[in-house]
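The values are calculated or read from the model by the stated rules, or taken from the named source; none is laboratory data. Owing to the predicted nature of the structure, the values given are computational and were not obtained by experimental measurement. Positions of Cβ are backbone-derived with ideal geometry, glycine not excepted, and every protein chain shown enters the neighbour counts. The accessibility values were calculated without ligands, DNA or RNA, using every heavy atom of the protein model including side chains. Shrake-Rupley method; radii C 1.70, N 1.55, O 1.52, S 1.80 Å.
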Amino acid sequence: MSVADNIAKFEAELAGTSSKLVAVSKTKPSEVIMEAYQAGFRRFGENRVQELIGKYQELPKDIEWHMIGHLQRNKVKYIASFVSLIQGVDNLKLLWEINKQGKQLQRTIPCLLQVFIAQEESKFGFEPQDLKDLVEQGAFNDLTHVQILGLMGMATFTSDTNQIRSEFRKLKGLHNAMSAMQMPACMEMNELSMGMSDDYKIALEEGSTMIRVGSSIFGSRN
Ligand SMILES: *Cc1c(COP(=O)(O)O)cnc(C)c1O
């Protein structure tokens, strides 16, 4: 199946749900992204700043670019003007840097807070309890140029579907708990980004509003 066919398959699967597809195009060349673009698709995810900038410059400007990878503070300035959603904001210093860049550009930058739900040292994110504490302590109250749309998380890389499900459920539980809290103006809990090629079906069952799918659309990466 072609890239366009694969996207159509996912779009059909998501039709009638409130979940969106982010096509993760990392490592794939611009021509391949254009195949999806020409089929009408506009939402792509990249995990490296250099690659994201290159593709942004090369490709049509109505593409909605999501930064899905770990983002270093000193690189925020390179993507702040055009990025549609920074998924995976995993610490407050980074959020404040995004806020600072947004202020300079007079732009409010949409973000998701990444939560650590996996049993893997290599993954990033806030601890669930820390996030609730930070909201209660007012740590987000003075942010003026970011809009936190919700949460993002990655399950452990495992074939144990029960474990994956329980990790997604934990994230959804936090999402619910935070929705019920008094939140600052810059924060809402409408989005819950979870699910990738191997676990998106479980994620959808557990309440994902945004799945990030790479290899099932574009083929495996080297
Ligand atoms: C690469 C990546 C994905 C997509 O992974 P696939 O298994 O290829 O679907 C999703 N989310 C993040 C954060 C990624 O880095």
Open item on the list: Condition first: in a helix (DSSP H, G or I) and either among the hydroxyl-bearing types (Ser, Thr, Tyr) or crowded, with 16+ Cβ neighbours inside 10 Å (or both). Now tell me which residues in the stretch 1-13 satisfy that.
Closed with: Val3, Ala4, Asn6, Ile7, Ala8, Phe10
Open item on the list: I need a count of the residues in the stretch 26-49 that are open to solvent by less than 40 Å² (accessible area, probe 1.4 Å) and of a type in the set (Ser, Thr, Tyr).
Closed with: 2
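With Ile109, Ile98, Ile117 as the choices, which residue is under 18 Å from Ser179 (Cβ atoms) and within 18 Å of the chain's Cα centre (by Cα)?
Exactly one residue qualifies, and that residue is Ile117.
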Open item on the list: Which residue is nearest to Lys123 (Cα to Cα), if the candidates are limited to the stretch 14-25 and must be surrounded by fewer than 19 Cβ atoms within 10 Å (Cβ to Cβ) and within 16 Å of the ligand (Cβ to nearest atom)?
Closed with: Lys20
Open item on the list: If I go through the stretch 209-218 residue by residue, how many of them are assigned to a loop (DSSP other than H, G, I, E, B) and open to solvent by 10 Å² or more (accessible area, probe 1.4 Å)?
Closed with: 1
- [ ] Among the residues of the stretch 205-220, write down those that are touching a Gly at 6+ places or on another chain (Cβ under 7 Å) and near the ligand (Cβ under 8 Å from one of its atoms).
- [x] Arg212
TODO: Give just the number: which of (1) without any contact (Cβ under 8 Å) to a residue 24 or more places away in the chain; (2) farther than 23 Å from Thr144 by Cα does Val22 not satisfy?
DONE: (1)
Task: Residue in the stretch 74-89 that is of a type outside the set (S, T, N, Q), in contact with an Asp or Glu (Cβ under 9 Å, 6 or more places away or on another chain) and open to solvent by 80 Å² or more (accessible area, probe 1.4 Å) present - done: yes
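Within the stretch 164-190, track down each residue that is open to solvent by 20 Å² or more (accessible area, probe 1.4 Å) and either within 14 Å of the ligand (Cβ to nearest atom) or more than 22 Å from Gln147 (Cα to Cα) (or both).
The answer is Arg165, Ser166, Arg169, Lys170.
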- [ ] Being polar (S, T, N, Q) and over 16 Å from Ala185 (Cα atoms) is the filter; apply it to the stretch 127-157 and report the residue that is surrounded by the fewest Cβ atoms within 10 Å (Cβ to Cβ).
- [x] Gln129
